[in-house]
1. In this structure, does V308 turn out to be within 14 Å of the ligand (Cβ to nearest atom), surrounded by 15 or more Cβ atoms within 10 Å (Cβ to Cβ), under 22 Å from the mean Cα position of the chain (by Cα) and among the hydrophobic types (A, V, I, L, M, F, W, C)?
2. I want to confirm something. Restricting to the stretch 333-352 and keeping residues that are more than 16 Å from the ligand (Cβ to nearest atom) and of a type outside the set (D, E, K, R), which single residue is surrounded by the fewest Cβ atoms within 10 Å (Cβ to Cβ)?
3. For the stretch 367-396, enumerate the residues that are out of contact with any Ser or Thr (no Cβ under 7 Å at 6 or more places or on another chain), among the hydroxyl-bearing types (S, T, Y) and crowded, with 23+ Cβ neighbours inside 10 Å.
4. Just give me the residues in the stretch 367-381 being more than 12 Å from the ligand (Cβ to nearest atom) and assigned to a loop (DSSP other than H, G, I, E, B), in sequence order.
5. List every residue pair whose Cβ atoms lie under 8 Å apart, where the two residues are 6 or more positions apart in sequence or sit on different chains, the first residue falls within the stretch 275-286 and is closer than 15 Å to I331 by Cβ, and the second residue, located anywhere, is near the ligand (Cβ under 7 Å from one of its atoms) and of a type in the set (A, V, I, L, M, F, W, C).
6. Is there a residue in the stretch 350-366 that is part of a helix (DSSP H, G or I) and either closer than 21 Å to R203 by Cα or free of Cβ contacts under 8 Å to residues at least 12 places away in the same chain (or both)?
7. Return the residues of the stretch 209-238 that are hydrophobic (A, V, I, L, M, F, W, C) and either over 19 Å from I164 (Cα atoms) or within 16 Å of the ligand (Cβ to nearest atom) (or both); say none if nothing qualifies.
8. Among (1) under 21 Å from the mean Cα position of the chain (by Cα); (2) free of Cβ contacts under 8 Å to residues at least 12 places away in the same chain, where does G221 come up short?
Amino acid sequence: MKILVLNCGSSSLKYQVIDMDGEKVLAKGLVERIGMDGSKIKHTKIGLDAVTREVPFANHTEAIRYVLNMLIDKEFGVLASFDELAGAGHRIVHGGEKFTKSVLVTEEVIKGIEEVSTLAPLHNPANLQGIRAVMEVLPGKPNVAVFDTSFHQTMPSASYLYAIPYEYYEKNSVRRYGFHGTSHRYVSARAAEILGKDPKDLRIVTCHLGNGSSVAAVKGGKCLDTSMGLSTAEGLIMGTRCGNIDPSVMVFLMEQLGSAKAVSDMVQKKSGLLGLTGISSDMRDIEEAAEKGDEKSKVALQILINGVKKYIASYAAEMGGLDVVVFTAGIGENGIDFREKVCADMEFLGIKFDEEANKVRGKEKIISAPDSKVTVMLVPTNEELVIARDTLECIK
Ligand code: AMP
């Protein structure tokens, strides 16, 4: 049984075809610049070199039609016909409070996703375009919606409420939602599996550190708290996002810049590592610059390291203890130096780090010492696999 996994952005589309017998990726690809000049597709049939083609795509439907034709192509395809495809799983960024788990797409579900789109105006409409495109090109094929927010819906109100007048929660749904839920869910469950433990018995802090970063407290297999909030800008400093700041800074910036959009652009797209250093939003560039002595890069790095430390310690306090810390995503999986600095001087919390074991990238591995009270692990994330598994489950 094969599943198509789709992740639609406003002008992009990422896809994978996964054979669920053995959970193997058969093909993957990326379409960029949809609706713009120079749109192109990069398609890889696993085992062959990637093919890149410049193709004008006016919209997501055209892009998905092309992707589907690639999937049945004699040379680059992985399906004999669309009958082999059990269905499509879609990444949906925001499910609001409405969607607490993945669901089979119906007209009512589409309406529900539209309703919460005010909370993710850039992402949800693009995600919906993917659903509509598959409905149009492959009518009758089941579609499943998998939400970035749903794993965090187990948070108690003490974790998700902001201390502003309650009516803004009731009337405007202003609260913490949290994101990267499929990743936090996957790596926390996988960590328990690797350790041979029941997730119910574990207090885990999952650190998803990439261009966008978030940390989650997972107690007994359920999310208790997470660092991202109403939007993806809260929490740690990120590539271009500011993370936690005093709300008064926003008021000050509004007065200075005169428009909500200008402030939003600043805190979402011009802040974080890029804003602090003026060099780059990419961690590798910042580490390189810091090594060459760039003071601003050194400080930016330290702010991120302090941020991750603070979340690990505060979530340990919130969970009443700590059993496992998991690192994942681009920086978490590859940042050897970064992980070492985060875990340095954390013995007071029961973390005894193993610098030798830590010299690894992108592999499942325990990177704490055998006698460490807290197990520190590297678990590469696999959001596409979670989407495919949920899709299969919902279709069944
Ligand atoms: P992601 O959003 O998960 O793709 O992660 C992207 C981030 O991972 C970027 O900031 C990259 O610089 C960072 N990254 C990738 N490789 C490395 C590496 N070897 N060391 C440190 N950071 C890395």
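1. Details: within 14 Å of the ligand (Cβ to nearest atom): yes; surrounded by 15 or more Cβ atoms within 10 Å (Cβ to Cβ): yes; under 22 Å from the mean Cα position of the chain (by Cα): yes; among the hydrophobic types (A, V, I, L, M, F, W, C): yes.
Taking the combined requirement at face value, the residue satisfies it.
2. Among those residues, the one meeting the criterion is F348.
3. The initial filter retains those residues of the stretch 367-396 that are out of contact with any Ser or Thr (no Cβ under 7 Å at 6 or more places or on another chain), namely 367, 369-373, 377-378, 382, 384-385, 388-389, 391-393, 395-396.
Among the residues that remain, those that are also among the hydroxyl-bearing types (S, T, Y) are: 372, 391.
Once the filter is applied, which keeps residues that are out of contact with any Ser or Thr (no Cβ under 7 Å at 6 or more places or on another chain), among the hydroxyl-bearing types (S, T, Y) and crowded, with 23+ Cβ neighbours inside 10 Å, the stretch 367-396 yields only T391.
4. I367, A369, P370, D371, S372, K373, V374, V379
5. Taking only residues 6 or more apart or on different chains, the pairs are M283/I331; M283/F338.
6. Taking the stretch 350-366 first, the residues part of a helix (DSSP H, G or I) are none.
No - not one qualifying residue is present in the stretch 350-366.
7. Of everything in the stretch 209-238, those that are hydrophobic (A, V, I, L, M, F, W, C) and either over 19 Å from I164 (Cα atoms) or within 16 Å of the ligand (Cβ to nearest atom) (or both) turn out to be L209, V215, A216, A217, V218, C223, L224, M228, A233, L236, I237, M238.
8. The single condition G221 does not satisfy is (2).
The values are calculated or read from the model by the stated rules, or taken from the named source; none is laboratory data. Please read these numbers as outputs of a predicted model, since none were measured by experiment. Methodologically, a virtual Cβ is constructed for each residue, glycine included, from the backbone with ideal geometry; neighbour enumeration extends over all protein chains shown.
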